[in-house]
1. Could you tell me whether the range 19-26 includes any residue that is modelled with pLDDT under 80, closer than 21 Å to ARG68 by Cα and in contact with a strand residue (DSSP E or B) (Cβ under 8 Å, 6 or more places away or on another chain)?
2. Working only within the range 49-72, note down all residues that are of a type in the set (A, V, I, L, M, F, W, C), within 19 Å of PRO30 (Cα to Cα) and within 11 Å of the chain's Cα centre (by Cα).
3. Out of curiosity, is THR14 touching a strand residue (DSSP E or B) at 6+ places or on another chain (Cβ under 8 Å), assigned to a loop (DSSP other than H, G, I, E, B) and of a type in the set (S, T, N, Q)?
4. Can you say whether PRO76 is closer than 21 Å to LEU24 by Cα and modelled with pLDDT under 95, as far as the supplied structure shows?
5. Just the residues that are among the hydrophobic types (A, V, I, L, M, F, W, C) and in contact with a Leu (Cβ under 7 Å, 6 or more places away or on another chain), please, taken from the range 35-50.
6. Within the group ARG87, ARG68, ARG95, ARG60, which residue is touching a strand residue (DSSP E or B) at 6+ places or on another chain (Cβ under 7 Å), within 17 Å of SER7 (Cβ to Cβ) and basic (Lys, Arg)?
7. Quick one: count up the residues across the range 37-85 that are within 19 Å of ALA8 (Cβ to Cβ) and either in contact (Cβ under 8 Å) with a residue 40 or more places away in the chain or touching a Pro at 6+ places or on another chain (Cβ under 6 Å) (or both).
8. Would you mind listing the helices (runs of 4 or more DSSP H) fully within the range 24-98 where at least 1 residues are of a type in the set (Lys, Arg) and loosely packed, with under 15 Cβ neighbours inside 10 Å?
Amino acid sequence: MSNFYNSASPFYNTPVNESYLDILEFKDIPLVTSDIEYEIKAQHAFRPDLLAFDFYGNARLWWVFAVRNKDKIKDPVYDLFAGQKIRIPQIETLRALGL
């Protein structure tokens, strides 16, 4: 685990070998019934950082959407298009995971 990144960073769980980061390891975000089903609006298209800021008050949590919706989002920017329906974890779920 890296000591260089805070828990909101996608690199937080990535091992550090000597002076470089190893292969990126995202923290798993389990499916829970309190997840919100959300249809991406035009203002959030291709902007996961803005969506994270609007939902969580923290743009650094942009990666949460890709991890939570692995079946729909392969590219965390270009797969977030207007009309796309995704599941968004509640902030309480993220806090319980230490994010």
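The values are calculated or read from the model by the stated rules, or taken from the named source; none is laboratory data. These numbers were taken from a predicted model, which means no experiment stands behind them. Cβ: placed from backbone, ideal geometry, glycine included. Neighbour counts: every protein chain shown.
1. No - not one qualifying residue is present in the range 19-26.
2. Taking the range 49-72 as the starting set, the residues that turn out to be of a type in the set (A, V, I, L, M, F, W, C) are 50-53, 55, 59, 61-67.
If we keep only those that are within 19 Å of PRO30 (Cα to Cα) too, we end up with 52, 55, 61-67.
Of everything in the range 49-72, those that are of a type in the set (A, V, I, L, M, F, W, C), within 19 Å of PRO30 (Cα to Cα) and within 11 Å of the chain's Cα centre (by Cα) turn out to be ALA52, LEU61, TRP62, TRP63, VAL64, PHE65, ALA66, VAL67.
3. Details: touching a strand residue (DSSP E or B) at 6+ places or on another chain (Cβ under 8 Å): yes; assigned to a loop (DSSP other than H, G, I, E, B): yes; of a type in the set (S, T, N, Q): yes.
It is true that THR14 is touching a strand residue (DSSP E or B) at 6+ places or on another chain (Cβ under 8 Å), assigned to a loop (DSSP other than H, G, I, E, B) and of a type in the set (S, T, N, Q).
4. Yes, satisfied.
5. Keep residues of the range 35-50 that are among the hydrophobic types (A, V, I, L, M, F, W, C), which gives 36, 40, 42, 45-46, 50.
ILE40, ALA45, PHE46, listed by residue number.
6. Numbers: ARG87 fails: within 17 Å of SER7 (Cβ to Cβ); ARG95 fails: touching a strand residue (DSSP E or B) at 6+ places or on another chain (Cβ under 7 Å); ARG60 fails: touching a strand residue (DSSP E or B) at 6+ places or on another chain (Cβ under 7 Å).
Just one listed residue meets the conditions, ARG68.
7. Step one: list which residues in the range 37-85 are within 19 Å of ALA8 (Cβ to Cβ), which gives 44, 47-69, 73, 76-77, 80.
Subset that is either in contact (Cβ under 8 Å) with a residue 40 or more places away in the chain or touching a Pro at 6+ places or on another chain (Cβ under 6 Å) (or both): 48, 58, 60-63, 65-68, 76, 80.
Within the range 37-85, residues that are within 19 Å of ALA8 (Cβ to Cβ) and either in contact (Cβ under 8 Å) with a residue 40 or more places away in the chain or touching a Pro at 6+ places or on another chain (Cβ under 6 Å) (or both) number 12.
8. Numbers: elements: 48-56, 63-68, 91-96.
By residue number, 91-96.
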